[in-house]
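Chemist: One structure coming up, written as structure tokens, with questions to follow.
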Amino acid sequence: MLNTLTISDLRARLAKREVSSREATQACLDQIRRIDGQIRAFLSYDERDALAQAEAADEALGSDGAGKPLLGVPVGMKDVIAVRNQPLGCSSKILDKFISPYDATVTEKLRAAGAVVFGRLNMDEFAMGSSTENSAFGVTRNPWDTSRIPGGSSGGSAAAVAADECLASLGSDTGGSIRQPAALCGCVGLKPTYGRVSRYGLVAFASSLDQIGPFTKDARDAAIMLGVLSGHDPRDSTSVPEPVPDYAAALDGNIKGLKLGFPKEYFIGGVDPQVTRAVQGAVKQLEDLGAEVIEISLPHTEYAVATYYIVATAEASANLARFDGIRYGLRVEGVDPTDLYSKTRGAGFGAEVKRRIILGTYVLSSGYYDAYYLRAQKVRTLIRQDFLKAFEKVDAIVTPTTPTAAFKVGEKSDDPMQMYLSDIFTISCNLAGICGLSLPCGFTDHPKLPIGLQLLGQPFGESTLLKIAYAYEQSTEWHRQKPVVA
Ligand code: GLN
């Protein structure tokens, strides 16, 4: 059962030559064959290519590769990140048959670290959604209860790690798309600070909010992955030339004296009492470990969802203009270019993507720009200032990741507002450009579904989040539990 190992355990066993990367990769492929019919995390995967990479890793293990942090580790990829010669579809019909001609920077970095990069993981179309129901290729199911959604938009990435189909995966987070599915599937999900990880080769949804980050089975693995992914990239002008710390060094289990803020605005109606109980239990546990928890205020919280749906849709409407039937994927012929564009976009985009493009075009149109877009940008600054002020007093902030555990497939799909509200705790982090991590902190009773604890940190404060997450994990067993389908 090598597919059930963490990255650090597999690396230790590979180093001792007890197992090979080929065996570990084969174990993941076998698991996919066994259970992915029920989960549907993978849109596709290239078995031969994965095994060839694994064999190359096994050879490197005997030569110069032994020190590489991910040597021989199978890592799954969300369908929004470019992998050379593999499909890049964003779970959209409009990118039908599009094959990426190049590797994203994160893909290059994973390869340089020795990883076996494989699979296209299902997602909400163009990363717009919270349930993976907006994929043009079917819903991914939650491994804890297959009548439920895995979260989104990186639902495939979360479900695949939770169901032991790969050891880790990459997702992208624009308003919660790593942390929310990580919470609902019971894994660790990390959204790095804006600028920490290069976005080169990530298909843009909302460029000022998007970040790539890892899904892992524990905090140590998240530290390993973040160390590999981080760093300045001249090909992404928004990546920041900030040195990359040794994230694993922060994992000393000692959080004595750390100050944690609990925002009073996050005690809102609509939070499932079981979620509240689990999060309060986690906060108590962190106090027992020596952290000091104090109440803080983030006064502009109530405007976050509205602000996000103006900024994100505005940027999306501009970014998605490139899918015109000429350059990529699908083309529906028309009598003239305008007809071709509109027929291609009409046939290629799903309902949620169209809704966002229309909203975004509206808020940017003359006459409404000042009233909506400009004002949203101002509120965004206030939200960021709330956080920076809070971080003068605390080292990190603790909140629930989501108001409820995983909901049923179909439960919210007819009500976009209800769906948007499920991101209420994750969205501010992207607007503020800070970092956030979700880790398992308990379960609901009947049915048994994972609950996530969110840690928010200052810009480039990922080490602090990982330190807290690791200390918490050392004193709890939540992250070790396995779903029904695994
Ligand atoms: N659920 C949010 C949305 O629908 C966030 C998505 C994301 O982070 N990509 O936009």
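Chemist: Could you give the nm distance between label points at ASN85 and LYS16, where each point is 7 Å from its Cα heading toward the beta carbon?
Modeler: Distance between the two pseudo-spin positions: 3.6 nm.
Chemist: Could you tell me the extents of the chain's C-alpha atoms along the three principal axes, largest first, rounded to whole Å?
Modeler: 65, 53, 47
Chemist: What number comes out for the charge environment of GLY350, summing +1 per Lys or Arg and -1 per Asp or Glu over other residues with Cβ under 12 Å away?
Modeler: Here the charged neighbours net out to +1.
Chemist: How big is the gap, in Å, between the Cα center of the range 226-277 and the Cα center of the range 74-90?
Modeler: Cα centroid of the range 226-277 versus Cα centroid of the range 74-90: 25 Å apart.
Chemist: Roughly how many debye, to the nearest 20, is the charge dipole of the range 340-450 about its Cα centre, given +1 on each Lys and Arg Cβ, -1 on each Asp and Glu Cβ, and no other charges?
Modeler: For the range 340-450, the charge dipole is close to 420 debye.
Chemist: By the gyration tensor of its Cα atoms, with a ≥ b ≥ c the square roots of the eigenvalues, what is the shape of the range 340-486: rounded for a/c under 1.5, prolate for a/b over b/c, or oblate?
Modeler: Judged from the Cα gyration tensor, the range 340-486 comes out oblate (a/c at least 1.5, b/c at or above a/b).
Chemist: In nm, give the distance between the simple-model label positions of SER297 and ASP336, each being 7 Å from the Cα along the Cα-to-Cβ direction.
Modeler: Taking the two extended label points, one gets 5.9 nm.
Chemist: If each residue of separation counts as 0.36 nm, what is the full-extension length gain between ALA66 and LYS259 once their alpha-carbon separation is subtracted?
Modeler: Full extension of this stretch gives 65.6 nm more.
Chemist: Something else now. Return the Cα extents of the range 139-253 along principal axes one, two and three, sorted largest first, each rounded to a whole Å.
Modeler: If we take the Cα atoms of the range 139-253, the spans are 44, 36, 19 Å.
Chemist: Related question: With each label point set 7 Å from Cα along the Cα-Cβ vector, what nm distance links ILE358 and SER475?
Modeler: Using points 7 Å along Cα→Cβ, the separation is 5.1 nm.
Chemist: With the other protein chains left in place, how much accessible area per residue, in square angstrom, belongs to the chain at a 1.4 angstrom probe?
Modeler: Result: 37 Å² per residue.
Chemist: Turning to a different aspect of this structure: Arrange the peptides 232-241, 392-401 so that the one whose residues have, on average, the most other Cβ atoms within 10 Å appears first.
Modeler: In decreasing order of mean packing, 232-241, 392-401 become 392-401, 232-241.
Chemist: What is the range 350-430 by shape, rounded, prolate or oblate, if you read a ≥ b ≥ c off the alpha carbon gyration tensor as root eigenvalues and call it rounded for a/c under 1.5, prolate for a/b larger than b/c, and oblate otherwise?
Modeler: Oblate, since a/c reaches 1.5 and b/c is not below a/b.
Chemist: Hey, could you grab the Kirkwood Rh for the range 1-44? Inverse mean 1/r over distinct alpha carbon pairs, Å, one decimal.
Modeler: Result for the range 1-44 stands at 11.2 Å.
Chemist: Right, something else. Name the aspartates and glutamates eligible as straight-distance cross-link partners of LYS284: C-alpha to C-alpha under 15 Å, and not fewer than 8 places from it in the same chain.
Modeler: Hits, sequence-local ones excluded: GLU292, GLU295, GLU473.
Chemist: Also, I was wondering about something else. Please list, by residue number, every one of the chymotrypsin sites (Phe, Trp or Tyr not before Pro) in the range 361-413 that is coil in DSSP and has at most 15 other beta-carbon atoms within 10 Å.
Modeler: Counting only loop positions with at most 15 other Cβ atoms within 10 Å, the chymotrypsin sites (Phe, Trp or Tyr not before Pro) in the range 361-413 are TYR368.
Chemist: Let me ask you something else. Return the calculated 222 nm mean residue ellipticity for the chain, to the nearest 500 deg cm²/dmol, obtained by summing -39500 (n - 2.57) across DSSP H runs with n ≥ 4 and dividing by the residue count.
Modeler: Calculated mean residue ellipticity at 222 nm is -11500 deg cm²/dmol.
Chemist: Which of the GluC sites (Glu not before Pro) across the range 417-486 are loop residues per DSSP, with 14 or fewer other Cβ within 10 Å?
Modeler: Taking the range 417-486 and a limit of 14 other Cβ atoms within 10 Å, the loop GluC sites (Glu not before Pro) found are GLU477.
Chemist: Run the reach check for LYS408 against lysines, Cα to Cα strictly under 30 Å, same-chain hits fewer than 8 apart removed. What comes back?
Modeler: LYS78, LYS93, LYS191, LYS217, LYS264, LYS354, LYS448, LYS482
Chemist: Rounded to the nearest 0.05, what FRET efficiency do ILE326 and VAL484 give with R0 = 41 Å and r taken as the Cβ-Cβ distance? Could you check?
Modeler: The value I calculate is 0.30.
Chemist: Exactly which trypsin sites (Lys or Arg not before Pro) in the range 1-110 are in a DSSP loop and have at most 13 other Cβ atoms within 10 Å?
Modeler: Sparse-neighbourhood loop trypsin sites (Lys or Arg not before Pro): LYS16, ARG17, LYS97.
Chemist: Over 10 Å intervals from 0, what percent of Cα-Cα pairs in the range 17-151 sits in each interval?
Modeler: 13, 38, 34, 13, 2
Chemist: Let's see if you can work this out: charge +1 on each Lys and Arg Cβ, -1 on each Asp and Glu Cβ, no other charges. What is the dipole magnitude of the chain about its Cα centre, in debye to the nearest 20?
Modeler: With only Lys, Arg, Asp and Glu charged at Cβ, the dipole is about 220 debye.
Chemist: Then there is this: How large is the dipole of the range 15-125 about the Cα centre if only Lys and Arg carry +1 and Asp and Glu carry -1, each at its Cβ, rounded to the nearest 20 debye?
Modeler: 120 debye
Chemist: Across 10 Å bins from the origin, how do the percents of Cα pairs in the range 386-444 run, short distances first?
Modeler: 17, 44, 29, 10, 1
Chemist: How are the Cα pair distances of the range 267-384 distributed, in percent, across 10 Å bins from 0?
Modeler: The distribution over the range 267-384 is 12, 26, 22, 19, 14, 6, 1, given as percents.
Chemist: Ignoring ligands, DNA and RNA, what percent of the accessible area of the chain is carbon or sulfur (1.4 Å)?
Modeler: Carbon plus sulfur share of accessible area: 52 percent.
Chemist: Rank by packing, highest mean first: peptides 217-223, 444-450, 332-338, 167-173, with packing defined as the count of other Cβ atoms within 10 Å averaged across residues.
Modeler: 167-173, 217-223, 444-450, 332-338
Chemist: Report the one residue of TYR194, SER239, PRO181 whose Cα lies farthest in the direction of the positive end of the charge dipole of the range 181-251 (charges on C-beta: Lys and Arg +1, Asp and Glu -1; origin at the Cα centre).
Modeler: PRO181
Chemist: OK, next. Among ALA158, GLY348, GLN377, pick out the residue whose Cα is farthest towards the positive end of the charge dipole of the chain, where Lys and Arg carry +1 and Asp and Glu carry -1 on C-beta, about the Cα centre.
Modeler: Toward the positive end, the furthest listed residue is GLY348.
The values are calculated or read from the model by the stated rules, or taken from the named source; none is laboratory data. Not measured: the values here are computed from a predicted model. Neighbour counts are summed over all protein chains in view; Cβ atoms, including those assigned to glycine, are modelled from backbone coordinates with ideal geometry. Keep in mind that these areas ignore ligands, DNA and RNA; they rest on the heavy atoms of the full protein, side chains included. Shrake-Rupley method; radii C 1.70, N 1.55, O 1.52, S 1.80 Å.
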